[in-house]
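Please read the structure below before turning to the comments.
The values are calculated or read from the model by the stated rules, or taken from the named source; none is laboratory data. Remember, it's a predicted structure, so these values are computed and weren't measured experimentally. For neighbour counting, all protein chains shown are included, and Cβ atoms are generated from backbone atoms with ideal geometry for every residue, glycine included.
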Amino acid sequence: MSTVPASKAFSRIDYLRLMLLSREGDRREGILLRQSKGWFQVSGMGHEALGTLALVLRPDDYIFPYYRDRAIALARGLSGYELALAYFAKQASSSGGRQMPGHYSDRERNIFSVCTPTGGSLLPACGAAWAMKMAGEDTVCLATVGDAASRQGEFFEAFTFAVQENLPVIFVVEDNKYGISTPTEKFLPMRLGVLATDRIVQIDARRPETVYAAGNDAVAKARSGGGPTLIWADLDRLSSHTSSDDHRVYRSIGDIEEMSKRDPIRLFAEDLIASGELDVAGWQVMQDEIAKSVDEDYLRAERELDPTPEQTLLHNFGPEPELLTPPIAAGQRMTMVSAINATFRKALDEDPKVIFFGEDIEDPKGGVFGMTKGLSESYPSQVVNSPLAEATIMGVAVGMAAYGYRPIFELQFIDFIAPGWNQITTNMSTLRWRSFGQWKCPCVIYAPYGAYLPGGSLWHSQSNESALAHLPGIRVAIPSTPEDAAGLMWTAVHADDPCFILIPKHIFRKQVDIERATPVPFGKARLVQEGADVTLVTWGNCIELAQEAAEKSNADIEIIDLRSIVPCDYETIVQSLTKTGRLIVLHEDTRTAGFGQTLISELTCKPESFNLLLSPPQLVARDDVHVGYNPICEYAALPDVGQVLDAIAVVME
């Protein structure tokens with residue numbers, strides 16, 4: 001149970017000052033843009049009363065904001081100067097100049113880095129809240145979202161998962177009636193009656209006291225184990241969507257003027273003057289003082305250093321993982337599945353913060369391929385079935401990892417990655433970089449992968465490692481032996497980055513004598529067999545094709561198992577080419593934009609490796625076609641031994 005001090009008291013005068021500070025910052029940024037100082041602005045005008053939500057939180061609670069939450073950020077403790085640094089995208093800003101203004105982040109204050117897709121932070125908020133609950137803490141998460149994003153699937157997944165697990169999370173929909181220029185009234189689930197539940201509280205969010213009271217109740221409920229609340233906040237967006245928009249194009253002047261009468265700052269100041277807590281002269285003095293301080297903040301921030309080009313690659317990845325011997329022993333006979341299971345068991349045994357989450361992973365099933373067999377019986381609180389919702393799996397991993405847990409989550413097949421793609425591209429791959437290293441996402445996502453197993457059809461036969469390799473910030477590996485499966489998985493478990501381990505289905509039940517049990521780093525290929533004539537680079541299921549082709553060929557073939565796609569071991573390939581001068585890349589992913597094309601492009605664009613080549617490199621890959629259900633269709637699409645032999649003949653000419 002936490003001993004952190006309680007939430008801040010609500011002072012009406014002090015909060016009016018904070019609202020004015022938020023508004024004046026928005027106003028100042030608008031002026032600067034008109035002076036061509038800056039590139040973009042997103043305004044929180046009209047949303048200022050929501051800042052009281054930060055006042056009902058403790059420092060150890062987490063906030064997952066969105067880009068109109070300037071007042072929440074200020075109430076949480078960010079200064080106007082820090083927001084000015086972010087506006088100018090300065091080196092000293094929370095993102096090192098990488099994020100747009102309004103994309104708040106502060107690791108020390110537990111403000112999660114904002115992503116532009118406005119619903120993208122809801123599932124990570126659930127992940128953090130789930131970790132809080134597992135840890136036995138009485139902390140809570142606050143997650144805000146724009147009303148238009150309440151139609152996204154992830155909104156419903158997040159709310160449903162929070163209810164399912166009774167999570168300490170408060171969702172706030174900031175209903176300002178517009179999604180850019182589109183009126184949202186006919187789209188919103190509240191208007192359609194989809195969200196008729198006693199967990200929803202509707203409020204007039206133009207009144208700070210109303211927001212504060214609703215927030216206080218929701219936080220108290222969550223903190224005491226009462227589960228989630230959804231606060232539907234009715235308010236107005238007093239400005240255009242962003243500086244790139246002009247709301248006068250789609251709003252009438254009468255509508256804008258009427259809306260200005262509901263300005264929360266105007267209403268609050270009038271209340272305080274009417275009650276005698278503030279007089280007109282004091283209100284003018286407050287406005288003048290804050291305008292002066294904001295001007296000073298922005299003048300000072302404008303003089304600060306910009307980021308340098310040399311900093312661009314910083315914080316793409318964390319430090320290299322510690323290399324530890326995997327928990328298998330030489331001298332035994334194992335499959336990749338059994339080696340992975342043994343590794344999982346050791347990870348669970350060593351660290352109570354290791355959590356498994358995936359479809360059907362609990363016993364008695366233990367995963368569709370048995371990779372988690374027996375684990376939930378031994379570790380029932382750490383191995384948990386997920387709903388059939390890949391976005392939930394990926395998003396919860398992000399939030400849980402950011403909170404400090406170690407998610408090892410399963411995708412039933414890599415083919416089912418698409419519903420989770422938003423979280424992978426939006427949060428998982430970008431979190432460290434966009435927060436300039438403040439936040440990180442150490443997690444392991446593993447999945448069965450590939451074809452050469454008849455009957456899989458389109459959605460059980462994909463090998464799409466190139467799509468993952470395209471995303472900066474993610475490590476990607478494909479083992480082909482039990483030793484490498486255990487070694488790469490064990491390295492990933494101790495890594496500081498998101499790691500995808502793809503496990504080839506065709507060979508993962510192959511019994512193999514374990515000859516070694518040594519650490520396996522990312523970025524280090526394995527020499528399968530030596531040769532003098534041709535360097536054949538491959539990975540995963542295609543190792544078998546390479547070995548069979550080498551046996552049938554008259555050429556002396558050197559086979560390299562790449563093992564790690566990101567990072568890639570170009571050095572070993574170049575060393576091999578110094579002997580052979582001939583290159584073939586073999587993989588089962590599609591030809592166009594497959595990783596083999598990347599390999600060949602990298603090796604031929606550098607004179608030091610291009611000059612080693614005695615013939616044009618060859619790529620043997622799946623045609624640009626899907627894998628069909630009938631085995632005839634499947635094997636017609638996939639690379640075969642004959643194609644490898646043809647490629648050998650070409651490079652040997």
Worksheet entry | Test result for L78, in a helix (DSSP H, G or I) and of a type in the set (A, V, I, L, M, F, W, C) | no
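Across segment 10-44, which residue is farthest from G179 (Cα to Cα) among those that are of a type in the set (S, T, Y) and in a loop (DSSP other than H, G, I, E, B)? Let's see the steps before the verdict.
As a first pass, look at segment 10-44 and keep what is of a type in the set (S, T, Y): 11, 15, 22, 36, 43.
The next check asks that each one be in a loop (DSSP other than H, G, I, E, B); those that pass are 11, 36, 43.
Numbers: S11: 33, S36: 26, S43: 14 Å.
Checked segment 10-44; the qualifying residue farthest from G179 (Cα to Cα) is S11.
Using the structure shown, decide if E548 is free of Cβ contacts under 8 Å to residues at least 60 places away in the same chain and under 30 Å from Y446 (Cβ atoms).
Details: free of Cβ contacts under 8 Å to residues at least 60 places away in the same chain: no; under 30 Å from Y446 (Cβ atoms): yes.
No, not satisfied.
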Worksheet item: What is the residue count in segment 68-119 for residues that are within 21 Å of E304 (Cα to Cα) and polar (S, T, N, Q)?
Response: 7
Worksheet item: Here are some residues: V354, V294. Which one is more than 23 Å from the chain's Cα centre (by Cα) and either among the aliphatic types (A, V, I, L, M) or under 30 Å from K90 (Cα atoms) (or both)?
Response: V294
Response to the item:
If you go through L299, L272, the only one that is part of a helix (DSSP H, G or I), more than 21 Å from M45 (Cα to Cα) and modelled with pLDDT of 95 or more is L299
Item to complete: Can you confirm whether segment 430-444 contains a residue that is touching a strand residue (DSSP E or B) at 6+ places or on another chain (Cβ under 6 Å), surrounded by fewer than 24 Cβ atoms within 10 Å (Cβ to Cβ) and in contact (Cβ under 8 Å) with a residue 40 or more places away in the chain?
Response: no
Worksheet entry | Failed item, numbered, when L536 is tested on (1) in contact (Cβ under 8 Å) with a residue 60 or more places away in the chain; (2) surrounded by fewer than 17 Cβ atoms within 10 Å (Cβ to Cβ) | (2)
Worksheet item: Within the bounds of segment 366-379, is there any residue that is surrounded by fewer than 15 Cβ atoms within 10 Å (Cβ to Cβ), assigned by TED's automatic domain parsing to the domain that holds P448 and free of Cβ contacts under 8 Å to residues at least 12 places away in the same chain?
Response: no
Discussion item. Charged (D, E, K, R), touching a strand residue (DSSP E or B) at 6+ places or on another chain (Cβ under 8 Å) and surrounded by 11 or more Cβ atoms within 10 Å (Cβ to Cβ): is that true of R251 in this structure?
Written reply: no
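If you take just the strands (runs of 3 or more DSSP E) that sit entirely in segment 464-547, which of them hold at least 3 residues that are among the aliphatic types (A, V, I, L, M) and modelled with pLDDT of 95 or more?
498-504, 534-538
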Discussion item. From the list P101, P59, exactly one residue is in contact (Cβ under 8 Å) with a residue 60 or more places away in the chain, part of a loop (DSSP other than H, G, I, E, B) and not hydrophobic (A, V, I, L, M, F, W, C). Which is it?
Written reply: P101
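For segment 226-244, what are the residues that are within 30 Å of N166 (Cβ to Cβ) and among the acidic types (D, E)? Quick ask: steps written out before the conclusion?
Within segment 226-244, the subset within 30 Å of N166 (Cβ to Cβ) is 226-235.
Hit for segment 226-244 is D234, nothing else.
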Worksheet entry | Answer residue from segment 353-364, given it is touching a strand residue (DSSP E or B) at 6+ places or on another chain (Cβ under 9 Å) and surrounded by fewer than 20 Cβ atoms within 10 Å (Cβ to Cβ) and is farthest from L411 (Cα to Cα) among those | K353
Worksheet item: Scanning segment 553-575 for residues that are more than 26 Å from the chain's Cα centre (by Cα) and assigned to a strand (DSSP E or B), which turns out surrounded by the most Cβ atoms within 10 Å (Cβ to Cβ)?
Response: I557
Worksheet item: Which residues, counting only those in segment 182-199, are farther than 19 Å from A143 by Cα, part of a loop (DSSP other than H, G, I, E, B) and polar (S, T, N, Q)?
Response: T184
Worksheet entry | Residues satisfying the stated conditions in segment 301-335, i.e. touching a residue at least 60 places away in the same chain (Cβ under 8 Å) and closer than 29 Å to R28 by Cβ | A301, E302, E304, L305, D306, P307, T308, Q311
Worksheet item: Among the residues of segment 163-181, is any assigned to a loop (DSSP other than H, G, I, E, B), crowded, with 20+ Cβ neighbours inside 10 Å and more than 28 Å from the chain's Cα centre (by Cα)?
Response: no
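Can you tell me which residue is surrounded by the fewest Cβ atoms within 10 Å (Cβ to Cβ) among those in segment 40-61 that are among the charged types (D, E, K, R) and over 23 Å from the mean Cα position of the chain (by Cα)?
R58
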Practice prompt. Tell me which of these K37 doesn't satisfy, since it passes every other one: (1) buried (at least 19 other Cβ atoms within 10 Å of the Cβ); (2) in contact (Cβ under 8 Å) with a residue 24 or more places away in the chain.
Written response: (1)
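Would you mind stating whether A636 is under 15 Å from V534 (Cβ atoms), loosely packed, with under 15 Cβ neighbours inside 10 Å and either out of contact with any strand residue (DSSP E or B) (no Cβ under 9 Å at 6 or more places or on another chain) or of a type in the set (D, E, K, R) (or both)? If you could, list the steps in order and put the result at the bottom.
Details: under 15 Å from V534 (Cβ atoms): no; loosely packed, with under 15 Cβ neighbours inside 10 Å: yes; either out of contact with any strand residue (DSSP E or B) (no Cβ under 9 Å at 6 or more places or on another chain) or of a type in the set (D, E, K, R) (or both): yes.
Answer is no for this residue.
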Discussion item. Looking only at segment 576-621, count every residue that is over 23 Å from Y635 (Cβ atoms), outside any loop (DSSP other than H, G, I, E, B) and either not hydrophobic (A, V, I, L, M, F, W, C) or not assigned by TED's automatic domain parsing to the domain that holds V566 (or both) and tell me the total.
Written reply: 11
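Any idea which of R582, R563 is charged (D, E, K, R), in contact (Cβ under 8 Å) with a residue 60 or more places away in the chain and more than 23 Å from Y446 (Cα to Cα)? First the steps, then the outcome.
Details: R563 fails: more than 23 Å from Y446 (Cα to Cα).
Checking each option against the conditions leaves just R582.
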Worksheet item: Limited to segment 614-631, what total is found for residues that are surrounded by fewer than 15 Cβ atoms within 10 Å (Cβ to Cβ) and more than 11 Å from V651 (Cβ to Cβ)?
Response: 6
Item to complete: Given the conditions (1) farther than 15 Å from F500 by Cα; (2) over 15 Å from the mean Cα position of the chain (by Cα), report the number of the one that W433 does not fulfil.
Response: (2)
Discussion item. Let me confirm something: among G642, G594, G581, which residue is of a type outside the set (V, I, T), at pLDDT 95 or above and crowded, with 22+ Cβ neighbours inside 10 Å?
Written reply: G594
Fill in: Subset of segment 62-73 (residues that are buried (at least 24 other Cβ atoms within 10 Å of the Cβ) and out of contact with any strand residue (DSSP E or B) (no Cβ under 7 Å at 6 or more places or on another chain))
R70, A71
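Suppose we filter G127, G120, G153 for residues that are assigned by TED's automatic domain parsing to the domain that holds M190, out of contact with any Phe, Trp or Tyr (no Cβ under 8 Å at 6 or more places or on another chain), surrounded by 19 or more Cβ atoms within 10 Å (Cβ to Cβ) and in contact (Cβ under 8 Å) with a residue 24 or more places away in the chain; which single one remains? Break it down stepwise before answering.
Values: G127 fails: out of contact with any Phe, Trp or Tyr (no Cβ under 8 Å at 6 or more places or on another chain); G153 fails: surrounded by 19 or more Cβ atoms within 10 Å (Cβ to Cβ).
After ruling out the rest, the residue left standing is G120.
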